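Below is one structure, written out as structure tokens; the observations come after it.
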Amino acid sequence: MMCGVRRSFAGLLFAVAFAFACLAISGFLMHRTAFTPSHAADAARTVMADEAVRLEAVKVIADGTADQMYPGDANGAAIVRQNIATVAGIAAGADLYGPMLEQVHAVLIGEQDGPVVVPPDQLVLLSRDERAAVLPPVQVEVPELTVLRVTDTLLGWLVPLSAAVSVIFFVLCSLARPERGALFRTLGIGLLALAVLAIVFGYVIPKYLPPVLDDSVWARTPALAADTGRGLTFALAFVAVAAGLGLFAASTRMGRSRRWSTPVSTYRYREERSWS
């Protein structure tokens, strides 16, 4: 009986350990997608493919350069604006907006104070005009989303803390020697839960939360960047579901084989024979 209690307690320890592991992994995925400004820079082509973001980026760069480079020359200013729009509309040109989008993302989550600053050397690349080299930096007003800033701070503490607690409980579980069938069953259920959490934290929240918090065009940046990792997130979730179902099925078969292999007591049969 004590052995059964110990194994049940070991199963509980494993369940707690895996719960914290799921929390750490899903929090890490969310931090990587929604709270890593360099991710927006890497996803510049995807972000700039959005018409609203591209038009806003072209507008702020053109307004900050064209008229200053060609004061009083409407034709010159129009050519600069067209060049900026053309650069932003091609894949290689979208990559040039990576540093700017990284700053936008950093300001949104409160990692950097606004406004976003686009220096002259980048203005030259974006406008394809050397006259931009002598212009002052273009400043872009981007809102800070307080909810994202608070969430980023919480994740900074939650992810490593959950990982550490998970390791501690896994060690305790191994010392308690859990039953293999219960271990497989708990792990299978945990992997199914991890698949759901990975999709929710790694894609759904970064994709749909920022645009709800603010109607600014720039709030779409982390949401659009989340699309670049969507395939990998769903693939990992699919693998977790398949592995979880496999482990759960294996635990069920182990339970059946253990019941069939348990010897049947003949005490009652001998007792009945003695009275007949």
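Among the residues of the range 109-126, is there at least one that is of a type in the set (S, T, N, Q) and over 30 Å from Pro206 (Cα atoms)? Explain how you work it out, then say what you get.
Going through the range 109-126, the residues of a type in the set (S, T, N, Q) turn out to be 112, 122.
Within this subset, residues satisfying the condition of being over 30 Å from Pro206 (Cα atoms) are none.
No, every residue in the range 109-126 fails to be of a type in the set (S, T, N, Q) and over 30 Å from Pro206 (Cα atoms).
Output the residues belonging to the range 121-138 that are open to solvent by less than 30 Å² (accessible area, probe 1.4 Å), in contact (Cβ under 8 Å) with a residue 40 or more places away in the chain and part of a helix (DSSP H, G or I). Listed by number, the residues that qualify are Leu123, Leu126, Ser127, Ala132. For the range 180-199, the set of residues classified as open to solvent by 50 Å² or more (accessible area, probe 1.4 Å), in contact with a helix residue (DSSP H, G or I) (Cβ under 6 Å, 6 or more places away or on another chain) and at pLDDT 85 or above consists of Leu192, Leu197, listed by residue number. In the range 139-159 there is at least one residue matching the filter, namely being over 20 Å from the mean Cα position of the chain (by Cα) and open to solvent by less than 20 Å² (accessible area, probe 1.4 Å). Only helices (runs of 4 or more DSSP H) whose full extent lies in the range 1-120 are considered here, and the ones with at least 1 residues that are free of Cβ contacts under 8 Å to residues at least 60 places away in the same chain, surrounded by fewer than 16 Cβ atoms within 10 Å (Cβ to Cβ) and of a type in the set (Gly, Ala, Ser) are 2-34, 74-88, 91-95.
Looking only at the range 102-121, count how many residues are within 11 Å of Val142 (Cα to Cα) and out of contact with any strand residue (DSSP E or B) (no Cβ under 9 Å at 6 or more places or on another chain).
Within the range 102-121, the subset within 11 Å of Val142 (Cα to Cα) is 103-110, 112-117.
Subsequent filtering for residues that are out of contact with any strand residue (DSSP E or B) (no Cβ under 9 Å at 6 or more places or on another chain) retains 105, 108-110, 112-113.
Number of matching residues: 6.
The values are calculated or read from the model by the stated rules, or taken from the named source; none is laboratory data. Everything quoted here is computed from the prediction, not taken from an experiment. Note that each Cβ is placed from the backbone with ideal geometry, even for glycine, and that neighbours are counted across all protein chains shown. Quick note on the areas: whole protein, heavy atoms, side chains included, nothing else; ligands and nucleic acids left out. Shrake-Rupley method; radii C 1.70, N 1.55, O 1.52, S 1.80 Å.
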